[in-house]
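Each value in this text was obtained by applying a stated rule to the coordinates, not by laboratory testing. Every value quoted in this text rests on a predicted model; they were computed, and no experiment measured them. Ideal geometry is used to build each Cβ from the backbone, glycine not excepted, and the neighbour counts take in all protein chains shown.
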Amino acid sequence: MFIIGIIGILLLGWWGLQFFYGHVLPWLFVVAVFLTCLGFMLDHPIISILIAVIAFVSWGAYLNYKESHKTEEQKADDRLMKKLDDISAEQDKMWEEAHKK
């Protein structure tokens, strides 16, 4: 019976570690990163605002660059999507005409 009790305690410990490593520890990493960023923003508000503005401007420049420098594959995809939109609009018109009658 003593051995069964030890095995039970070991199993409970193992399940506790699985719960800790599988559920608690990942959230602790997320909370640590969030609180580090929050602490930086509270300690250095001007630098944080400057970093945010630079990030938004850089993201906008990237999107603009990506839109103006499309590959041939992306241009073909855009043409295909335009054709599909036209077909869909035609089908909608046909559907409306069919229901009017």
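Data for the structure
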item	result
Karplus-derived HN-Hα couplings along the stretch 11-18 (A = 6.51, B = -1.76, C = 1.60, θ = phi - 60°), whole Hz, x at Gly and Pro	5, 4, x, 4, 5, x, 5, 4
Sites matching trypsin sites (Lys or Arg not before Pro) across the stretch 1-79 that sit in DSSP coil, with at most 15 neighbouring C-beta atoms within 10 Å	K70
Electrostatic dipole magnitude of the chain [Cβ: Lys, Arg +1; Asp, Glu -1; Cα centre; debye, to 20]	140
Degrees separating the helix 72-100 axis from the principal Cα axis of the chain, which is the longest one	70
Lys/Arg +1, Asp/Glu -1 at C-beta; the chain dipole; positive extreme among M81, N64, G22	G22
³J(HN,Hα), Karplus 6.51/-1.76/1.60, whole Hz, each residue of the stretch 21-26, x for Gly, Pro	6, x, 10, 7, 4, x
